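Everything on this sheet refers to the single structure shown next.
The values are calculated or read from the model by the stated rules, or taken from the named source; none is laboratory data. All figures in this text were calculated on a predicted structure; none of them were measured in a lab. Neighbour counts are summed over all protein chains in view; Cβ atoms, including those assigned to glycine, are modelled from backbone coordinates with ideal geometry.
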Amino acid sequence: MMGRAGAGVFVSFEGIDGSGKSTQARLLAEALGANAVLTREPGGATGAEDIRRLLVEGDPARWSPETEILLFTAARRDHLEKTIRPALAAGKTLISDRFADSTRVYQGAARASLRPLVDELHRLMIRIEPDLTFLIDMDPEAALARGLARHSGEDRFEELGLEFQHALRAGFLALAQSQPGRIRVIDGARAQDVIAAEIAESFHAWAAA
Ligand code: ADP
Ligand code: TYD
């Protein structure tokens, strides 16, 4: 494996749009208190948030798949340099709402057969993996209804539709199956506090092992 990036712990949350990742990332951060740093992708640093706007706003056909992968990787590199590495070096628990698994699934599996490019760019520019990943799994119909209800102006990806969300779900589950030590599948179709309690328990069990 790629190895730990520092003294801290790196946790990511993954899942399809509207699955409840952001909610659960926030609840875990709140449960961990001052030792947690909550961040997100695309974004999580000043420059990366600028790149986020290029990615999530505007025409869905704005970027070629290749350009899009480069932008996500550029945003991740900034996030890594400015936020993730410093937090881990300081011994924090860095909680990221999405990380490289999102690129593997959204760009590498669901939309085009660009996974080799995704993997190569990750190897060249990012390298690290989370210590622990919570995949919030749920039915795309229900998740999409939640997501579209928000009208955040960041609809470029969510507008890609239900069939795409089904492909994403399958892609995330396949990743989880291939890396069961790192990726924990969590049933997202339950009450927020029930899910949060399971995640907190799983985190503490992992940390104690
Ligand atoms: P994501 O980050 O995966 O897109 P969010 O955490 O933003 O998902 O949640 C999407 C929407 O669903 C929000 O309006 C949120 O309040 C709501 N939500 C999150 N978790 C649950 C849950 N367990 N049950 C019902 N609604 C939820
Ligand atoms: P996010 O803000 O997490 O959206 P949501 O809360 O709706 O899940 O991410 C914005 C969009 O960017 C989302 O549709 C997933 C997509 N995305 C990728 O396609 N590749 C990536 O590498 C990342 C991090 C996100």
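Tabulated data
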read-out	value
Pairs, first among the small types (G, A, S) in segment 102-113, second more than 8 Å from ligand 2 (Cβ to nearest atom) and at pLDDT below 90, C-beta under 8 Å, six or more apart	A110/F164
Which numbered condition K82 misses (of (1) more than 23 Å from G15 (Cβ to Cβ); (2) not in a helix (DSSP H, G or I))	(2)
Pair list, Cβ < 6 Å and 6+ apart or interchain, from segment 66-78 residues that are crowded, with 21+ Cβ neighbours inside 10 Å and basic (K, R) to residues that are at pLDDT 95 or above and in a helix (DSSP H, G or I)	none
Tally, over segment 177-209, of residues that are within 16 Å of ligand 1 (Cβ to nearest atom) and farther than 22 Å from L27 by Cα	0
Test: residue in segment 22-29 that is out of contact with any Lys or Arg (no Cβ under 6 Å at 6 or more places or on another chain), basic (K, R), part of a helix (DSSP H, G or I) and closer than 26 Å to A170 by Cα	yes
Criterion: over 15 Å from E129 (Cβ atoms) and either within 16 Å of ligand 1 (Cβ to nearest atom) or touching a strand residue (DSSP E or B) at 6+ places or on another chain (Cβ under 9 Å) (or both) - qualifying residue of V56, V105	V56
Single unsatisfied condition, S22 versus (1) buried (at least 21 other Cβ atoms within 10 Å of the Cβ); (2) within 22 Å of R104 (Cα to Cα)	(1)
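A quick yes/no check of all residues on (1) among the basic types (K, R); (2) in contact (Cβ under 8 Å) with a residue 12 or more places away in the chain; (3) away from ligand 2 (no atom under 12 Å from the Cβ):
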{"residue": "S22", "(1), (2), (3)": "no, yes, no"}
{"residue": "R26", "(1), (2), (3)": "yes, yes, no"}
{"residue": "N35", "(1), (2), (3)": "no, yes, yes"}
{"residue": "T46", "(1), (2), (3)": "no, yes, yes"}
{"residue": "D50", "(1), (2), (3)": "no, no, yes"}
{"residue": "L55", "(1), (2), (3)": "no, yes, no"}
{"residue": "G58", "(1), (2), (3)": "no, yes, yes"}
